[in-house]
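The values are calculated or read from the model by the stated rules, or taken from the named source; none is laboratory data. Treat the numbers as computed from the prediction; the structure is a model and nothing was measured. For neighbour counting, all protein chains shown are included, and Cβ atoms are generated from backbone atoms with ideal geometry for every residue, glycine included. Side chains included, ligands, DNA and RNA excluded: accessible areas come from the protein's heavy atoms. Shrake-Rupley method; radii C 1.70, N 1.55, O 1.52, S 1.80 Å.
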Amino acid sequence: MKISFSGPGASTLVPDGTPLDDALARVTHLGIGAHQDDLEIMAYHGIARCVGDDARWFGGITCTDGAGSPRAGAFADFSDEQMKEVRRDEQNEAARLGEYGAMVQLGLPSDAMRSPEQAGLEDDLFMLLERMCPRVVYTHNLADKHETHVAVGMAALRAMRRLPAASRPREVYGCETWRDLDWMVDSDKVAFDLSPHENLQAALVGVFDSQICGGKRYDLATQGRRRAHATYHASHGTDESTSLAYGMDLTPLVQDAGLDPWAYVSEYMDRFADEVKGRLAGLQGEGGSK
Ligand SMILES: [Zn+2]
(Lines give C-alpha, C1' and ligand atoms only; values in the text may rest on other atoms or scores of the structure.)
Protein backbone atom coordinates (compact mmCIF):
# COMPACT_ATOMS: atom_id res chain seq x y z
CA MET A 1 0.00 0.00 0.00
CA LYS A 2 1.30 3.44 -0.92
CA ILE A 3 2.02 5.65 2.07
CA SER A 4 1.68 9.39 1.78
CA PHE A 5 3.46 11.76 4.14
CA SER A 6 2.78 15.42 4.86
CA GLY A 7 6.10 16.68 3.47
CA PRO A 8 7.55 16.20 -0.02
CA GLY A 9 10.97 15.29 1.39
CA ALA A 10 9.92 12.10 3.21
CA SER A 11 11.80 8.88 2.53
CA THR A 12 11.76 5.28 3.72
CA LEU A 13 14.38 2.56 3.86
CA VAL A 14 14.02 -1.12 4.67
CA PRO A 15 17.58 -2.44 4.97
CA ASP A 16 16.74 -6.10 4.38
CA GLY A 17 14.40 -5.46 1.45
CA THR A 18 11.17 -6.61 3.13
CA PRO A 19 8.11 -4.87 1.58
CA LEU A 20 7.43 -1.62 3.42
CA ASP A 21 4.01 -2.58 4.84
CA ASP A 22 5.42 -5.79 6.33
CA ALA A 23 8.53 -3.99 7.54
CA LEU A 24 6.44 -1.42 9.41
CA ALA A 25 4.08 -4.03 10.84
CA ARG A 26 6.94 -6.03 12.38
CA VAL A 27 8.34 -3.09 14.39
CA THR A 28 8.30 -3.86 18.12
CA HIS A 29 10.66 -1.13 19.39
CA LEU A 30 10.27 2.35 17.93
CA GLY A 31 12.48 5.41 18.23
CA ILE A 32 11.03 8.83 17.37
CA GLY A 33 13.74 11.47 17.11
CA ALA A 34 14.00 15.01 15.80
CA HIS A 35 17.31 14.92 13.94
CA GLN A 36 19.49 12.46 12.10
CA ASP A 37 21.67 10.86 14.86
CA ASP A 38 19.18 11.45 17.74
CA LEU A 39 18.00 7.83 17.60
CA GLU A 40 21.52 6.50 17.88
CA ILE A 41 22.25 8.84 20.80
CA MET A 42 19.04 8.28 22.77
CA ALA A 43 17.42 5.01 21.66
CA TYR A 44 20.38 2.66 21.55
CA HIS A 45 18.70 0.46 24.15
CA GLY A 46 15.95 -0.37 21.65
CA ILE A 47 18.37 -0.81 18.76
CA ALA A 48 20.52 -3.22 20.79
CA ARG A 49 17.53 -5.27 21.94
CA CYS A 50 16.55 -5.94 18.34
CA VAL A 51 19.92 -6.61 16.69
CA GLY A 52 20.17 -10.26 15.68
CA ASP A 53 16.72 -11.14 17.05
CA ASP A 54 14.08 -12.15 14.48
CA ALA A 55 11.24 -11.62 16.95
CA ARG A 56 12.12 -7.98 17.62
CA TRP A 57 12.57 -5.17 15.12
CA PHE A 58 13.68 -1.61 15.71
CA GLY A 59 11.88 1.07 13.74
CA GLY A 60 13.38 4.53 13.38
CA ILE A 61 11.51 7.76 12.67
CA THR A 62 13.57 10.91 12.11
CA CYS A 63 11.41 13.99 11.75
CA THR A 64 13.51 16.89 10.43
CA ASP A 65 15.18 17.35 7.06
CA GLY A 66 18.68 18.22 8.32
CA ALA A 67 18.75 21.54 6.43
CA GLY A 68 19.68 23.57 9.49
CA SER A 69 22.70 21.45 10.40
CA PRO A 70 25.89 23.22 11.40
CA ARG A 71 28.68 22.61 8.91
CA ALA A 72 32.43 22.88 8.97
CA GLY A 73 35.50 21.16 7.63
CA ALA A 74 34.81 19.09 4.52
CA PHE A 75 31.15 20.17 4.62
CA ALA A 76 31.72 23.91 5.14
CA ASP A 77 30.59 24.92 1.65
CA PHE A 78 27.62 22.59 1.40
CA SER A 79 24.23 24.15 0.62
CA ASP A 80 21.14 23.31 2.67
CA GLU A 81 20.02 20.95 -0.10
CA GLN A 82 23.36 19.16 -0.08
CA MET A 83 23.30 18.89 3.72
CA LYS A 84 19.83 17.34 3.60
CA GLU A 85 21.14 14.65 1.29
CA VAL A 86 24.26 13.99 3.34
CA ARG A 87 22.30 13.69 6.56
CA ARG A 88 19.62 11.47 5.03
CA ASP A 89 22.34 9.15 3.72
CA GLU A 90 24.09 9.06 7.09
CA GLN A 91 20.84 8.15 8.86
CA ASN A 92 20.18 5.38 6.36
CA GLU A 93 23.72 4.09 6.85
CA ALA A 94 23.09 3.86 10.60
CA ALA A 95 19.84 1.98 9.89
CA ARG A 96 21.74 -0.57 7.80
CA LEU A 97 24.48 -0.91 10.39
CA GLY A 98 22.01 -1.33 13.26
CA GLU A 99 19.81 -3.76 11.24
CA TYR A 100 16.70 -1.60 11.71
CA GLY A 101 13.42 -3.16 10.60
CA ALA A 102 12.45 0.11 8.90
CA MET A 103 13.75 3.68 8.77
CA VAL A 104 11.41 6.57 7.99
CA GLN A 105 12.63 10.12 7.53
CA LEU A 106 9.77 12.62 7.44
CA GLY A 107 11.96 15.38 5.96
CA LEU A 108 10.12 18.23 7.67
CA PRO A 109 11.70 21.66 8.21
CA SER A 110 12.43 22.05 11.92
CA ASP A 111 10.70 25.43 12.25
CA ALA A 112 7.47 23.87 10.95
CA MET A 113 7.27 21.44 13.83
CA ARG A 114 7.62 23.84 16.71
CA SER A 115 4.09 25.13 16.23
CA PRO A 116 1.36 22.86 17.64
CA GLU A 117 -0.96 24.12 14.88
CA GLN A 118 1.21 22.36 12.33
CA ALA A 119 -0.54 19.02 12.30
CA GLY A 120 1.65 17.39 9.64
CA LEU A 121 4.16 15.93 12.08
CA GLU A 122 1.54 14.56 14.44
CA ASP A 123 -0.51 13.12 11.57
CA ASP A 124 2.55 11.42 10.06
CA LEU A 125 3.46 9.91 13.43
CA PHE A 126 -0.11 8.74 14.05
CA MET A 127 -0.30 7.07 10.64
CA LEU A 128 3.02 5.28 11.25
CA LEU A 129 2.07 4.24 14.79
CA GLU A 130 -1.13 2.68 13.46
CA ARG A 131 0.87 0.61 11.00
CA MET A 132 3.62 -0.35 13.42
CA CYS A 133 1.88 -0.96 16.77
CA PRO A 134 5.18 -0.92 18.70
CA ARG A 135 5.35 -2.31 22.24
CA VAL A 136 8.09 0.09 23.32
CA VAL A 137 8.67 3.68 22.22
CA TYR A 138 11.73 5.85 22.85
CA THR A 139 11.47 9.58 22.22
CA HIS A 140 12.85 12.87 23.57
CA ASN A 141 12.37 13.64 27.24
CA LEU A 142 10.09 16.62 27.85
CA ALA A 143 12.70 18.46 29.93
CA ASP A 144 15.24 18.50 27.08
CA LYS A 145 16.71 21.94 26.37
CA HIS A 146 16.38 21.77 22.57
CA GLU A 147 12.98 23.10 21.55
CA THR A 148 12.72 20.92 18.44
CA HIS A 149 13.35 17.84 20.57
CA VAL A 150 10.54 18.74 22.96
CA ALA A 151 8.26 19.56 20.01
CA VAL A 152 8.85 16.07 18.63
CA GLY A 153 8.32 14.46 22.04
CA MET A 154 5.02 16.32 22.44
CA ALA A 155 3.85 15.45 18.91
CA ALA A 156 4.72 11.79 19.58
CA LEU A 157 2.71 11.94 22.80
CA ARG A 158 -0.33 13.45 21.06
CA ALA A 159 -0.11 10.87 18.27
CA MET A 160 0.10 7.94 20.73
CA ARG A 161 -2.90 9.29 22.63
CA ARG A 162 -4.95 9.17 19.42
CA LEU A 163 -4.52 5.40 19.24
CA PRO A 164 -7.25 3.25 20.82
CA ALA A 165 -6.24 2.59 24.43
CA ALA A 166 -5.61 -1.10 23.78
CA SER A 167 -3.24 -0.33 20.88
CA ARG A 168 -1.06 2.19 22.70
CA PRO A 169 2.56 1.20 23.42
CA ARG A 170 3.04 -0.54 26.74
CA GLU A 171 6.28 1.27 27.52
CA VAL A 172 7.20 4.83 26.54
CA TYR A 173 10.46 6.47 27.56
CA GLY A 174 11.72 10.04 27.31
CA CYS A 175 15.46 9.77 26.61
CA GLU A 176 18.66 11.77 26.81
CA THR A 177 20.10 13.99 24.10
CA TRP A 178 20.34 17.72 24.87
CA ARG A 179 20.19 17.48 28.66
CA ASP A 180 20.69 14.26 30.45
CA LEU A 181 18.46 12.89 33.18
CA ASP A 182 20.99 12.49 35.97
CA TRP A 183 19.09 15.20 37.89
CA MET A 184 16.17 12.87 38.57
CA VAL A 185 16.15 11.15 41.96
CA ASP A 186 17.51 7.62 41.69
CA SER A 187 14.15 5.94 42.26
CA ASP A 188 12.70 7.83 39.26
CA LYS A 189 15.45 6.83 36.85
CA VAL A 190 14.83 4.12 34.32
CA ALA A 191 18.39 2.86 33.84
CA PHE A 192 19.19 1.20 30.53
CA ASP A 193 22.26 -1.01 30.72
CA LEU A 194 24.07 -0.55 27.41
CA SER A 195 27.22 -2.50 28.27
CA PRO A 196 27.04 -5.10 25.49
CA HIS A 197 28.16 -4.16 21.97
CA GLU A 198 29.99 -0.97 22.87
CA ASN A 199 31.68 -1.25 19.50
CA LEU A 200 28.29 -1.08 17.76
CA GLN A 201 27.35 1.99 19.82
CA ALA A 202 30.55 3.72 18.72
CA ALA A 203 29.98 2.76 15.09
CA LEU A 204 26.36 3.97 15.06
CA VAL A 205 27.18 7.47 16.29
CA GLY A 206 30.43 7.57 14.31
CA VAL A 207 28.49 7.21 11.04
CA PHE A 208 27.34 10.83 11.33
CA ASP A 209 30.56 12.25 10.01
CA SER A 210 28.99 15.54 8.89
CA GLN A 211 28.15 16.42 12.49
CA ILE A 212 31.35 15.21 14.08
CA CYS A 213 33.40 16.80 11.35
CA GLY A 214 31.20 19.89 11.85
CA GLY A 215 32.88 20.39 15.20
CA LYS A 216 30.72 18.44 17.62
CA ARG A 217 32.25 15.25 19.04
CA TYR A 218 28.94 13.54 19.67
CA ASP A 219 30.69 10.19 19.34
CA LEU A 220 32.99 10.84 22.32
CA ALA A 221 30.39 12.77 24.31
CA THR A 222 27.73 10.09 23.99
CA GLN A 223 30.06 7.30 25.04
CA GLY A 224 31.43 9.51 27.81
CA ARG A 225 27.98 10.27 29.22
CA ARG A 226 27.06 6.58 29.26
CA ARG A 227 30.34 5.72 30.97
CA ALA A 228 29.88 8.48 33.54
CA HIS A 229 26.35 7.33 34.36
CA ALA A 230 27.62 3.76 34.85
CA THR A 231 30.16 4.86 37.43
CA TYR A 232 28.14 7.57 39.17
CA HIS A 233 24.87 5.67 39.27
CA ALA A 234 25.57 4.10 42.66
CA SER A 235 28.12 5.38 45.14
CA HIS A 236 28.66 2.04 46.83
CA GLY A 237 30.14 -1.10 45.36
CA THR A 238 31.88 -1.55 42.05
CA ASP A 239 30.46 -0.64 38.66
CA GLU A 240 27.99 -3.23 37.50
CA SER A 241 27.85 -1.92 33.96
CA THR A 242 30.24 0.02 31.76
CA SER A 243 27.62 1.99 29.89
CA LEU A 244 24.30 3.34 31.14
CA ALA A 245 21.60 5.67 29.80
CA TYR A 246 18.63 7.10 31.67
CA GLY A 247 15.02 7.39 30.63
CA MET A 248 11.98 9.10 32.13
CA ASP A 249 8.94 6.82 32.13
CA LEU A 250 6.34 8.60 29.99
CA THR A 251 3.94 5.62 29.87
CA PRO A 252 1.40 7.20 32.26
CA LEU A 253 1.12 10.23 29.95
CA VAL A 254 0.26 7.95 27.04
CA GLN A 255 -2.13 5.72 28.94
CA ASP A 256 -3.99 8.65 30.51
CA ALA A 257 -4.77 11.22 27.82
CA GLY A 258 -6.07 13.62 30.48
CA LEU A 259 -2.77 13.83 32.35
CA ASP A 260 -1.10 17.21 31.84
CA PRO A 261 2.52 16.87 30.59
CA TRP A 262 3.76 19.76 32.72
CA ALA A 263 2.03 18.46 35.85
CA TYR A 264 3.63 15.07 35.24
CA VAL A 265 7.18 16.35 34.58
CA SER A 266 6.99 18.82 37.46
CA GLU A 267 6.46 15.94 39.88
CA TYR A 268 9.92 14.67 38.91
CA MET A 269 11.32 18.15 39.49
CA ASP A 270 9.55 18.40 42.84
CA ARG A 271 11.05 15.11 44.01
CA PHE A 272 14.50 16.38 43.00
CA ALA A 273 13.92 19.64 44.87
CA ASP A 274 12.63 17.77 47.92
CA GLU A 275 15.72 15.55 47.99
CA VAL A 276 18.14 18.50 47.91
CA LYS A 277 16.06 20.51 50.37
CA GLY A 278 15.66 17.61 52.76
CA ARG A 279 19.37 16.89 52.84
CA LEU A 280 20.33 20.49 53.43
CA ALA A 281 17.68 20.87 56.11
CA GLY A 282 18.97 17.73 57.82
CA LEU A 283 22.50 19.08 57.87
CA GLN A 284 21.49 22.46 59.22
CA GLY A 285 20.07 20.98 62.41
CA GLU A 286 17.24 22.22 64.58
CA GLY A 287 18.04 25.92 64.30
CA GLY A 288 17.74 26.05 60.54
CA SER A 289 19.99 28.32 58.49
CA LYS A 290 21.83 31.14 60.17
ZN1 LIG B 1 18.64 16.42 17.85
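So that you can scan it fast, the table gives a plain yes or no per residue for (1) modelled with pLDDT of 95 or more; (2) surrounded by fewer than 18 Cβ atoms within 10 Å (Cβ to Cβ); (3) under 30 Å from SER266 (Cβ atoms):
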{"position": "GLN105", "(1), (2), (3)": "yes, no, no"}
{"position": "ASP111", "(1), (2), (3)": "no, yes, yes"}
{"position": "ARG114", "(1), (2), (3)": "no, yes, yes"}
{"position": "LEU129", "(1), (2), (3)": "yes, no, yes"}
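What is the one condition in (1) within 28 Å of MET127 (Cα to Cα); (2) surrounded by 14 or more Cβ atoms within 10 Å (Cβ to Cβ) that PRO164 does not satisfy? Failing condition for PRO164: (2). Residue count for the stretch 244-281, restricted to those that are aromatic (Phe, Trp, Tyr), farther than 14 Å from SER187 by Cβ and touching a helix residue (DSSP H, G or I) at 6+ places or on another chain (Cβ under 8 Å): 1. Quick check, is THR231 of a type in the set (Val, Ile, Thr), without any contact (Cβ under 8 Å) to a residue 40 or more places away in the chain and touching a Leu at 6+ places or on another chain (Cβ under 9 Å)? Spelling it out, THR231 is indeed of a type in the set (Val, Ile, Thr), without any contact (Cβ under 8 Å) to a residue 40 or more places away in the chain and touching a Leu at 6+ places or on another chain (Cβ under 9 Å).
Can you pull out the residues in the stretch 173-197 that are assigned to a strand (DSSP E or B), among the acidic types (Asp, Glu) and open to solvent by less than 30 Å² (accessible area, probe 1.4 Å)? Result: no residue meets the conditions.
Test GLY52 against the stated conditions and say whether it is open to solvent by 30 Å² or more (accessible area, probe 1.4 Å) and on the phi > 0 side of the Ramachandran plot.
It is true that GLY52 is open to solvent by 30 Å² or more (accessible area, probe 1.4 Å) and on the phi > 0 side of the Ramachandran plot.
Listed by first and then second residue, the pairs linking a residue in the stretch 178-189 that is touching a residue at least 24 places away in the same chain (Cβ under 8 Å) to a residue that is within 16 Å of the ligand (Cβ to nearest atom) and open to solvent by 90 Å² or more (accessible area, probe 1.4 Å), with Cβ atoms under 6 Å apart and 6 or more places separating them unless they lie on different chains, are TRP178/LYS145; ARG179/LYS145. Looking at the structure I just gave you, is ASP124 within 14 Å of the ligand (Cβ to nearest atom), buried (at least 19 other Cβ atoms within 10 Å of the Cβ) and in contact (Cβ under 8 Å) with a residue 12 or more places away in the chain? Judged against the criteria, ASP124 is not a match. Scanning the stretch 222-269 for residues that are in a loop (DSSP other than H, G, I, E, B) and either basic (Lys, Arg) or open to solvent by less than 60 Å² (accessible area, probe 1.4 Å) (or both) yields ALA234, SER241, THR242, SER243, LEU250, ALA257, LEU259. Assess whether LYS84 counts as being more than 16 Å from the ligand (Cβ to nearest atom), modelled with pLDDT under 95 and open to solvent by 10 Å² or more (accessible area, probe 1.4 Å). No, not satisfied. Checking each residue in the stretch 147-181 for being touching a strand residue (DSSP E or B) at 6+ places or on another chain (Cβ under 7 Å) and among the acidic types (Asp, Glu) picks out GLU171, GLU176, ASP180. Restricting attention to the stretch 79-104, the residues that are free of Cβ contacts under 8 Å to residues at least 24 places away in the same chain and either part of a loop (DSSP other than H, G, I, E, B) or touching a Cys at 6+ places or on another chain (Cβ under 6 Å) (or both) total 1.
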